[in-house]
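Reviewing the structure listed below.
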Amino acid sequence: MKRLPEDFIFGGATAAYQCEGATRSYGKGEVAWDEYLEKEGRFLGEPASDFYHKYARDLELCEQFGVNGIRLSIAWSRIFPKGKGEVNWEGVKFYHEVLAEAKKRGIQVFVTLHHFDTPKTLFDNGDFLNRENIDHFVNYAKFCFEEFPEVENWSTFNEIYPIATNQYLIGNFPPAIKNDLEKVIYCLHNMMYAHAKVVNLFKENGYNGQIGVVHSLETKYPASDSPADKYAAYLDDALSIRFLLDLTYLGHYSHDTLQALDDICKENGIEIEFDENDFLEMERAKDRNDYLGINHYQSHWVKDYHGETSIHHNGTGDKGTSAYAVKGIGERIYKEGIERTDWDWAIYPQGMYDLLMRIKRDYPNYKAIYITENGMGYKDDFENGYIDDQPRIEYIKTYLDALADAIEDGVNVKGYFLWSLMDVFSWSNGYNKRYGLFYVDFEDQTRYPKKSAYWYQGLARTKEIANSYPESDAYAKEMAEKA
Ligand code: BGP
């Protein structure tokens, strides 16, 4: 049986908009999602998991189930309703209270400054495509560093690549622009520049704690051994992974990344120019990242593709409906023999191992890694208060096995945060895609531990990655008796 280190964090992850609710109360300013979801008419960010009122219960459950770390984000517009200027002190007070409660229960907190929720006034003014907003983000970060010295771990952004592609390529996030690769590239670059500015500010002002960034890194493999497919996987990887890691850890684009970018741009008729001064800032930040947060759920197999961009996002859980082909990059195909979730996410733990080993090899100045998200979206069945989510347990177990192998092979991984701690609202899927250890009844906001919560408790207690523990066996027995 594989083991994880004694001081490992067995955490749970959340994000403000996905759990807090109270989207338009207690002085919170608007975000683009409020209006966007209302117009779409499928679901809203209300009530989410009502963390605004239920945080004490969620943190109590953490303590009870051995979850010794929580990832949460501060909603920028709860602090600065308009993104800048006037402060909403009620929002500030709320986060102080959450942090105090976590401390009381011995739970380490990792705070993300931006998790898909730029205040609407700044979003409508171009979000990170508008360089003025970089300064507003830096000022917001500075305010937080000074106001919340009790935070020990800060992440600047959550998932820069999905922000750029969901907003400007796939179009399933506001402002719902499709197929604009030029915007994608400038968004990635500008957000990485903003990250570097915040890291430099943090270190130069000597604030308390650690700082890092959370990247979504999904491993890419060629669909076949053909040179064309290999090149397609290489291009997909270059834009989605290497672009970000180069800027994080080298402070500039490597020759190979630039070359790949050039190929992608040529085929799409785009011309890109970066301000050389940006790289001075990034070079200063490259050795100052205390950790890298990795969100990793799946891997992709990529095939040569030169047709027009054609994407269908599976936001319903109708298995087999996803399609993803980007002109001049490649087409992500369904690889035979690889199991997928109802949302078509490929379950392939080897992808996590390969990714971790590659970071150790290519970016040896990384200091520590946390898996800041991993987990399985599932349509949980609720039977008399019991939730048998065995497939989720198996998913987590196989990924943790791969993680333990990478640690064994020398990668410094310090913790794992399951997405999600409790069921939360999903941006493009609403409320039927559940991830939590704790089932949330979204009508009355009661929490029910799932079988996976008892399994996780055994894991956190023993640090051994087993198929079952006395806790989960007892739950299964009780469930069978009640059936
Ligand atoms: C990550 C985000 C999370 C969360 C998760 C699951 O990309 O950081 O906020 O939503 O993915 O995604 P989904 O809800 O689309 O299944």
**Prompt:** Rounded to a whole number, what % of the accessible area of the chain do carbon and sulfur atoms account for, probe 1.4 Å?
**Reply:** 47 percent
**Prompt:** Any idea what the relative contact order of the chain is, in percent, if you count C-alpha pairs under 8 Å spaced at least 6 apart?
**Reply:** 17 percent
**Message:** Pairs of alpha-carbon atoms within less than 8 angstrom and 6+ residues apart define the contacts here; what relative contact order does the stretch 300-417 have, in percent?
**Reply:** 22 percent
**Message:** Taking the Kirkwood radius as the inverse of the mean 1/r across Cα pairs, report the Rg/Rh of the chain.
**Reply:** 0.94
**Message:** Please compute, over every Cα-Cα pair in the stretch 277-387, the percentage with a separation greater than 22 angstrom.
**Reply:** 54 percent
**Request:** Work from the charge dipole of the stretch 260-316 (Cβ charges, +1 for Lys and Arg, -1 for Asp and Glu, about the Cα centre) and give the residue of Tyr297, Ser310, Ile270 farthest towards its positive end.
**Result:** Tyr297
**Request:** Report, by chain and number, residues whose modeled amide H sits under 5 Å from the one on Phe110, excluding near sequence neighbours (fewer than 5 apart, same chain).
**Result:** Ile70, Arg71, Leu72
**Loop-exposed GluC sites (Glu not before Pro) per DSSP, neighbour cap 16 Cβ within 10 angstrom, longest uninterrupted part of the chain** = 153-270
**Complete:** With the 1.4 Å probe rolled over protein heavy atoms, the stretch 368-483 has an accessible area per residue in Å² of 35 Å²
**Request:** Calculate how large, on average over all directions, the projected area of the Cα convex hull of the stretch 144-242 is; give the answer in nm² to one decimal.
**Result:** 7.9 nm²
**the stretch 1-86, accessible area per residue, ligands and nucleic acids excluded (1.4 Å, Å²)** = 39 Å²
**Complete:** Computed over the stretch 243-315, the convex hull of the Cα set has an average projected area, in nm², of 7.3 nm²
**Complete:** Across 5 Å bins beginning at 0, the whole-percent shares of Cα-Cα pair distances in the stretch 340-384 come to 5, 15, 19, 19, 14, 11, 9, 4, 3, 2, 0
**Item:** Net charge of neighbours whose Cβ lies under 11 Å from the Cβ of Gly21, counting Lys and Arg as +1 and Asp and Glu as -1
**Value:** 0
**Prompt:** Setting aside same-chain residues fewer than 8 positions from Lys142, which lysines have a Cα under 18 Å from its Cα?
**Reply:** Lys82, Lys84, Lys93, Lys197, Lys203
**Radius of gyration, Dmax [the stretch 156-203; alpha carbons; angstrom]** = 11.8, 38
**Item:** Gap separating the Cα centres of the stretch 245-259 and the stretch 123-184, nearest whole Å
**Value:** 20 Å
**Message:** Give me the 1.4 Å probe accessible area per residue for the stretch 235-319, excluding ligands and nucleic acids, in Å².
**Reply:** 42 Å²
**Message:** Strictly greater than 16 Å: what percent of every Cα pair in the stretch 406-483 meets that?
**Reply:** 62 percent
**Item:** Kirkwood hydrodynamic radius over Cα pairs of the stretch 23-115, then Stokes diffusion coefficient at 25 °C and 0.890 mPa s, in µm²/s
**Value:** 170 µm²/s
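The values are calculated or read from the model by the stated rules, or taken from the named source; none is laboratory data. Just so you know, these numbers come straight off a predicted model, no measurement behind them. Every residue, glycine as well, gets a Cβ built from its backbone with ideal geometry; the counts of neighbours run over all protein chains shown. With ligands, DNA and RNA removed, areas are computed over all heavy atoms of the protein, side chains included. Shrake-Rupley method; radii C 1.70, N 1.55, O 1.52, S 1.80 Å.
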